[in-house]
Amino acid sequence: MIRPATPADIPAIHTLIRELAEYERALEEAKATEEQLHEALFGSHPAAYAHVATDDATGTVIGYAIWFLNFSTWRGVHGIYLEDLYVRPTARGGGHGKALLTELARICVERGYQRLEWSVLNWNTPAIDFYQALGARPQDEWTVYRLTDEALAKASGTS
């Protein structure tokens with residue numbers, strides 16, 4: 001049901017990323033190409049990792065998790081930051097999302113990482129309910145900040 005992604009999974013992962021972006025009402029922001037995903041996951045200097053959930057009967061990729069390592073200066077160890085977790089709506093309720101998170105938690109424990117973190121949109125109550133049922137708790141005292149596009153260029157002093 002859950003396995004590390006392979007280069008052959010890139011087209012399916014790309015399609016699922018676009019489905020997730022559409023669900024999150026931001027399809028126009030999903031600009032990553034299959035080539036970029038391949039480079040990020042399987043290039044000479046991988047920056048991220050991926051696991052896929054497959055249909056037990058057909059082997060078809062029906063979900064994915066893309067993640068990368070972060071580091072806690074307070075704890076002195078790595079953790080996992082989960083960038084995306086997505087399971088096709090038609091496959092939800094089959095345990096695939098939970099299995100993906102369980103695999104990432106297992107990796108954390110096995111490697112001595114002490115955190116598994118991610119972000120969720122405030123309006124996505126089905127996901128929030130799912131995460132809380134697993135024991136995850138929101139970090140309400142933190143606000144995420146981001147620089148992109150023109151603001152990033154301006155902050156870099158290059159524009």
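The values are calculated or read from the model by the stated rules, or taken from the named source; none is laboratory data. Source: prediction; values computed, not measured. Cβ: placed from backbone, ideal geometry, glycine included. Neighbour counts: every protein chain shown. Calculation scope for accessible area: heavy atoms of the full protein, side chains included, ligands and nucleic acids excluded. Shrake-Rupley method; radii C 1.70, N 1.55, O 1.52, S 1.80 Å.
A few remarks follow.
- Per DSSP, loop chymotrypsin sites (Phe, Trp or Tyr not before Pro) in segment 101-159 with at most 14 further Cβ within 10 Å: Trp123, Trp142, Tyr145
- Sparse-neighbour loop sites [trypsin sites (Lys or Arg not before Pro); segment 61-159; at most 13 other C-beta within 10 Å; DSSP]: Arg75, Arg146
- 16 Å reach of a label modelled at Ala133, 7 Å along Cα-to-Cβ, counting backbone N of segment 75-102: 86-102
- Rolling a 1.4 angstrom probe over the chain with all protein chains present gives an accessible area of which 54% lies on carbon and sulfur atoms.
- Dividing the C-alpha radius of gyration of the chain by 2.2 N^0.38 Å, with N its residue count, gives 1.09.
- Treating r as the C-beta distance of Trp123 and Glu34 and R0 as 30 Å, the FRET efficiency rounds to 0.55.
- Between segment 42-79 and segment 129-159, the alpha-carbon center distance in angstrom: 19
- About its Cα centre, the dipole of the chain is roughly 480 debye, where the only charges are +1 on Lys and Arg Cβ and -1 on Asp and Glu Cβ.
- Fluctuation leader among Asp149, Asp140, Asp129 - the chain, Gaussian network, Cα springs under 10 angstrom: Asp149
- Remark: spin-label model distance Thr15-Thr143 equals 4.1 nm, labels positioned 7 Å along the Cα→Cβ axis.
- Accessible area of the chain divided out per residue, in Å², using a probe of 1.4 angstrom: 66
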